[in-house]
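Student: A single structure is presented below for examination.
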Amino acid sequence: MIPLQTSNTLPDWAALAPAIILAVTALALFLIDSIDPNDESPSMLAGVATLGSVLAMVVTGWYLVAGTGMPRTGGAIELFSGQLVVDGMSLFFTFIFTSVTALVCVASYDYLSGRPNQAEYYALVLLAATGMSVMASANSLATAFVALELSSLPSYGLVAYLKNDRGSVEAGLKYFLIGAVSSAVLAYGISLVYASAGVLELAAIAEALGAGIDNTGVLGVGILMVAGGFAFKTASVPFHFWAPEAYEGAPAPVSGFLSSASKAAGFVLAFRVFVTAFPLDVVAGTIDWALAFTVLALVTMTLGNFAAATQDKVKRMLAYSSIGHAGYALIGIAVLTGTADQSYALGASMLHLFVYGFMNTGAFLFVALVEYWGVGRTFEDYNGLAKQAPVACFAMTIFLFSLAGLPIGGGALSKWALLSATASAATLSAYLLAAALIVNSALSLFYYSRVVKAMWIEDPAGDFEVSSYPTGLYAAVVGAAIVTFLLLPAFGVVSGTAFDAAAALF
Amino acid sequence: MVSAFEFVPAIAVLPLVSFVVALAFGKWMPKKGALAGIFATVGSLLISIWTALTVAGFLGSETVYHAELWRFATGIGTFNLHLGVFVDPLSSLMLLIVSLISVLVFIFSLGYMNDEDETGLPRYYASLSLFSFSMLAFVFADNILMAFMFFELVGLCSFLLIGFWFREDAPPSAAKKAFLVTRFGDFFFLIGVVGIFATFGTGLFATEAGFPHMAEQAITGEMPGPVGEFLSAVGMGAQQWFTILGLLVLGGVVGKSAQFPLHTWLPDAMEGPTPVSALIHAATMVAAGVYLVARMYGFYLLTPTTLAIIALIGGFTALFAATMGVVKQELKQVLAYSTISQYGYMMLALGSGGYVAAVFHLTTHAVFKALLFLGAGSVIIAMHHNENMWDMGGLKEKMPVTYWTFLSGSLALAGIVPFAGFWSKDEVLYEALIHGLGSPVLLVAWAMGLLAVFLTGFYTFRMVFLTFHGEPRSDTAEDPESVRWNVKLPLGVLGVLAATIGFINMVPVAKLTGLKIDFLHKWLVGGEVLNAEFLTGLEHYEPILKEVAGIKASYIAGGEIPTLLISAALSLGLALAGVGLAYRLYAVPEPVAHTKKLGGLRTLLMHNYYQDEYQVWLAQGVTLPLARAADTFDQGIIDGVVNGISSVSLFSGDRVRRIQTGVVSNYAALLTIGLALLLIVFGIVGGWF
């Protein structure tokens, strides 16, 4: 592998290749659709979409290995006068987005078979993915806002993709309305920050704030509102209300896409903006945002898990558990105070999102598989499923136990990393977070194992026949399961990259 | 050339593979898994021999080996937990013994299990392989945590094998008893392991980084930093605390090596198949305890109190078990009590500073006790699983191979010159005597050990005469079933060894003639590297024995050689007297029971001093009510709290769920309220207004 910068074989803009590939793929899909609008065979569309996302993933992986934008090859690559930046963190998250996109595209091939407007579907998925990868690279509040909208707008359409399904349309509308409110909050927050700092570029904001601020109130409200805007994207309390409805109403692959990739995109933006633009020591006199995130993390994980425990539909349970996991991931940014090993804490959150990308997408794709069979949505409907589809159910068992934090997949280690991050912070609020993480994980084991119990132990209530075993969905589910499991032994490989990427930010 | 040391892990891994193979494919294999076990243990034996030759220095200059195999975890600024290999003269000798006995037991099992058409053979051979694996890995463990893990696995395997015939009544109960009683001891061992890690930050047995050396530093030299900190936190002196640690670990030893008062499981363990008894008693489970003390001898030497306790327990157990062996009627029961008694000797030797003597007795005992058990197994096959000696008699002519080899083993057990047991037992008693002359406690232990020699000779030959001599006393004894090569071969090998293995360390002869033939002694002294770097050689131990433990040799009758001769003559004389008494009473055509002459003592002995009864009382009268109380606490309070929490969680979950009304304007309102609340709270805290 040749590091990009030292060898100068590629121009700087090539560092954005993953986002460019995703965007080009989306445009190519439109082109294909305009040439052959009534294409009833989706192989071409799914193939192109998968190819594009896999290509973007491979390029990202190559950059990660080669060290593009990392300290060892000369540091972060700034583009467009510092509006965008490519570094270890942006590549790490782009890798999450592209791999989730690839899984979703593969799975959608079967899920969408026989439905109209498939070209739009794939194009929207890829456009959203483009938006997310730009979010990962956004280095000023302006690009951050634009990228966030670029990823949000296609998502609204995707949630409402099943036009004739009442739930899907309703969910799409609610998602859109809450999204609009949140965007307004974010835009207003950005304007207040601009009012205080006079610049939008992240590093420049920190510099301007460090030089002295006239009105702390304006800045404080601005920062908190920016946090609120990101909380919408990460589905954190109190901006989470759209999540259960959208995840439940959307086509299951889209739910997986939104709850894994879109959530991670919100996090990368939050990490970069808060660490780079509002360093804690600079804004200490205005707002202790670590405390704000601590409160958000505590409430989010507790609310998500408690609500998940009482659901009777599997998909909705997963939706709430996804809120809970947002709470876990918030720990990384909430413990950035005191004695904490900051890059370790941030890295732990990144790792959790990485593992989560696979296990959660996998779980939603399993739900997609069940929807494809038309089995039903409640826990009882899953009874005895393992007798008919043992492989898929085994994969689902891995996802669920890994989500709960049992050492059958990478989830155990990423939670462990979060726990040790709180231990290294060693403050009261960090211990509170650790306790909440443990209690909520224990609670989550309860509702996750309900699904496992239904699949493996209970006898089927009615008699249904699993008619077919769709290749695409199976490939995606099994592939996600394999990666989830492999992240257990190979955790060290990923964690090194994550900690390095996080360290480069401080 | 490749070094044997590279292959040491394979010594244990081979039986592990055969465990998997026998378990998975045993059903379809020609001998139901026996062949896998035989191949694996023969492989282990070959590598063990190779290793021993390397340690002896025949194959290159590197004679000691220490390597880390796999690390579980490394703490920040604290200890690491790992699996590792440590090969020195002691462990290589033990590897040799264990793998040899394992091979022979596997071969013997072909006759004892396969030829008798037992069912469940794959399970049997799988457990047996796992047993060998656990013991072998225990032997080469380089740290006490790994030793503990495999110590426990050994316990598990004994449970599986003693309860092999789980459909009958007695074996499962015996298995449970063995498991629970040894577990009781292991509980203390576990605390000891934790204590050792907490004190020293390491569990290594050898090298300067090992805990025995750190402990030595703490007592004789400069106090290592962490140990000093820990001791001041505990508020105890080094020696006092090390004594506590030593005693805690000793708990496990007493349980596994069946020393008083935790010996009660061993006689019951005879319910297992006889080859298993041979393996348990000769080379694996029971030996594990004594081996552990020898392994960390450098640590025990630092605490004279522990040494004295070890010697006392050993001497007392030797005598105590021997008295019970005198009245037993079943062949294997006699052997069971003799095992307890013989391990008592080893403990006596270790406690009185006779490191070489203990290892020597461990070696010879492994050979002759395996022989006796396998011989007993052969008799049991012949007698159609009737073990009562009063139904036997006259088997001498019917089964000559068994008889002559059994006789060889018995002579060794009784300690008759020149059989193996004489040399080792004599050395044990000699060491106890010369060290005991300066210390009354050791002298008492020695006296008990000496007295047990007489009883050993008596019960051993009572057993031989009742079984093989005289007239047949039952129909089966008239016409015993014949045994095949697979029984005779192990017996033959062990029979020859039982007669000759003692020659590896003929100290009296060496001292009298001045010939350097005390090979085992030289073996354990080890090379320069062993003593200087790894600190597990005899040369390293001897100064500590004198200076820290304060155990010094003194002699009677004007010198070393007279003392040696007196000691040898005493033990041989007493052994012969015991044999002679047995000959007078039982070597007659129609022997009768003489136990009635013992009067009230007989009842006491027959009931094993009511040891079982008081332990059962402890379990039922004390532990059970306590457990009930704990259960009530658990059910009522702990479970109550847990159930309470879960209902509260579900209830509040339900409430949370209701916030999600489905009306989007509610969401927008709640969202705004939430944000406003955050703004107000942080605004007030941050002083924005």
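Student: Can you find a residue in the stretch B:644-651 that is away from chain A (no Cβ under 14 Å) and of a type in the set (A, V, I, L, M, F, W, C)?
Tutor: no
Student: For A:Leu296, only one of the following conditions fails: (1) closer than 30 Å to A:Ala204 by Cα; (2) among the aliphatic types (A, V, I, L, M); (3) more than 13 Å from every other protein chain (Cβ to nearest Cβ); (4) in a helix (DSSP H, G or I). What is its number?
Tutor: (3)
Student: From the list A:Ala363, A:Ala265, A:Ala319, A:Ala297, exactly one residue is touching a residue at least 40 places away in the same chain (Cβ under 8 Å), in contact with a Pro (Cβ under 9 Å, 6 or more places away or on another chain) and either more than 30 Å from A:Asp381 (Cα to Cα) or surrounded by 24 or more Cβ atoms within 10 Å (Cβ to Cβ) (or both). Which is it?
Tutor: Of A:Ala363, A:Ala265, A:Ala319, A:Ala297, the one residue that is touching a residue at least 40 places away in the same chain (Cβ under 8 Å), in contact with a Pro (Cβ under 9 Å, 6 or more places away or on another chain) and either more than 30 Å from A:Asp381 (Cα to Cα) or surrounded by 24 or more Cβ atoms within 10 Å (Cβ to Cβ) (or both) is A:Ala319.
Student: Let me spell it out: the conditions are (1) surrounded by fewer than 24 Cβ atoms within 10 Å (Cβ to Cβ); (2) of a type outside the set (S, T, N, Q); (3) closer than 16 Å to B:Phe133 by Cα, and B:Gly37 meets all of them except one. Which number is the exception?
Tutor: (1)
Student: Please find, within the stretch A:8-26, the residue that is modelled with the highest pLDDT out of those that are loosely packed, with under 15 Cβ neighbours inside 10 Å and over 18 Å from A:Asp87 (Cβ atoms).
Tutor: Top of the filtered list is A:Thr9.
Student: Between A:Ala277, A:Ala270, A:Ala252, A:Ala290, which is aliphatic (A, V, I, L, M) and within 14 Å of another protein chain (Cβ to nearest Cβ)?
Tutor: Among A:Ala277, A:Ala270, A:Ala252, A:Ala290, only A:Ala290 is aliphatic (A, V, I, L, M) and within 14 Å of another protein chain (Cβ to nearest Cβ).
Student: A:Ser168 versus (1) away from chain B (no Cβ under 13 Å); (2) within 11 Å of A:Ala246 (Cα to Cα); (3) touching an Asp or Glu at 6+ places or on another chain (Cβ under 9 Å): which is the lone unmet condition?
Tutor: With respect to (1) away from chain B (no Cβ under 13 Å); (2) within 11 Å of A:Ala246 (Cα to Cα); (3) touching an Asp or Glu at 6+ places or on another chain (Cβ under 9 Å), A:Ser168 is out only on (3).
Student: Out of the residues in the stretch B:291-348 that are part of a helix (DSSP H, G or I) and charged (D, E, K, R), state the one that is nearest to B:Leu96 (Cα to Cα).
Tutor: Among those that are part of a helix (DSSP H, G or I) and charged (D, E, K, R), it is B:Arg295.
Student: Same structure, new question: Is at least one residue of the stretch B:615-636 part of a helix (DSSP H, G or I), within 14 Å of chain A (Cβ to nearest Cβ) and surrounded by 13 or more Cβ atoms within 10 Å (Cβ to Cβ)?
Tutor: no
Student: Do you know which residues across the stretch B:566-595 are more than 19 Å from B:Thr460 (Cα to Cα) and loosely packed, with under 15 Cβ neighbours inside 10 Å?
Tutor: B:Ala569
Student: Now, a different point. Out of all the residues in the stretch A:154-163, is one or more within 14 Å of chain B (Cβ to nearest Cβ) and in a helix (DSSP H, G or I)?
Tutor: yes
Student: Does any residue of the stretch A:205-225 turn out to be more than 12 Å from every other protein chain (Cβ to nearest Cβ) and within 22 Å of the chain's Cα centre (by Cα)?
Tutor: no
Student: Anything in the stretch A:432-454 that is in contact with a Ser or Thr (Cβ under 7 Å, 6 or more places away or on another chain) and either modelled with pLDDT under 90 or surrounded by fewer than 16 Cβ atoms within 10 Å (Cβ to Cβ) (or both)? List them, or say none.
Tutor: Correct list: A:Leu443 only.
Student: For the stretch B:652-682, give me the residue count where each residue is part of a loop (DSSP other than H, G, I, E, B) and either more than 10 Å from chain A (Cβ to nearest Cβ) or hydrophobic (A, V, I, L, M, F, W, C) (or both).
Tutor: The qualifying residues number 1.
Yes/no matrix, rows are residues, columns are (1) modelled with pLDDT of 90 or more; (2) surrounded by 21 or more Cβ atoms within 10 Å (Cβ to Cβ):
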residue: B:Met1; (1), (2): no, no
residue: B:Phe5; (1), (2): no, yes
residue: B:Val17; (1), (2): yes, no
residue: B:Met29; (1), (2): no, no
residue: B:Gly33; (1), (2): no, yes
residue: B:Leu45; (1), (2): yes, yes
residue: B:Ile49; (1), (2): yes, no
residue: B:Gly57; (1), (2): no, no
residue: B:Val64; (1), (2): no, yes
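Student: Does B:Phe689 fit the bill of being under 30 Å from A:Val237 (Cα atoms), within 14 Å of chain A (Cβ to nearest Cβ) and surrounded by 14 or more Cβ atoms within 10 Å (Cβ to Cβ)?
Tutor: no
Student: Still on this structure, I have one more. Can you report the number of residues in the stretch B:469-503 which are within 25 Å of the chain's Cα centre (by Cα) and either part of a loop (DSSP other than H, G, I, E, B) or surrounded by 20 or more Cβ atoms within 10 Å (Cβ to Cβ) (or both)?
Tutor: Of the residues in the stretch B:469-503, 9 are within 25 Å of the chain's Cα centre (by Cα) and either part of a loop (DSSP other than H, G, I, E, B) or surrounded by 20 or more Cβ atoms within 10 Å (Cβ to Cβ) (or both).
Student: Continuing with this model, one more query. Looking at the stretch B:423-443, which of the residues that are of a type in the set (A, V, I, L, M, F, W, C) and surrounded by 24 or more Cβ atoms within 10 Å (Cβ to Cβ) is nearest to B:Gly495 (Cα to Cα)?
Tutor: B:Trp423
Student: Moving on to the next point. Identify, please: which residue in the stretch B:607-642 is among the hydroxyl-bearing types (Ser, Thr, Tyr) and on the phi > 0 side of the Ramachandran plot and is, among those, modelled with the highest pLDDT?
Tutor: Across the stretch B:607-642, the extreme among qualifying residues is B:Tyr610.
Per-residue answers, yes or no, for (1) surrounded by fewer than 24 Cβ atoms within 10 Å (Cβ to Cβ); (2) of a type in the set (Phe, Trp, Tyr); (3) over 27 Å from B:Val444 (Cα atoms):
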site: B:Ala233; (1), (2), (3): yes, no, yes
site: B:Val249; (1), (2), (3): no, no, no
site: B:Gly255; (1), (2), (3): no, no, no
site: B:Met285; (1), (2), (3): no, no, yes
site: B:Thr303; (1), (2), (3): no, no, no
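The values are calculated or read from the model by the stated rules, or taken from the named source; none is laboratory data. Computed from a prediction, not measured in an experiment: that's the story for all the values here. Quick reminder, even Gly has a Cβ in these numbers, built from the backbone with ideal geometry, and neighbours come from all protein chains shown.
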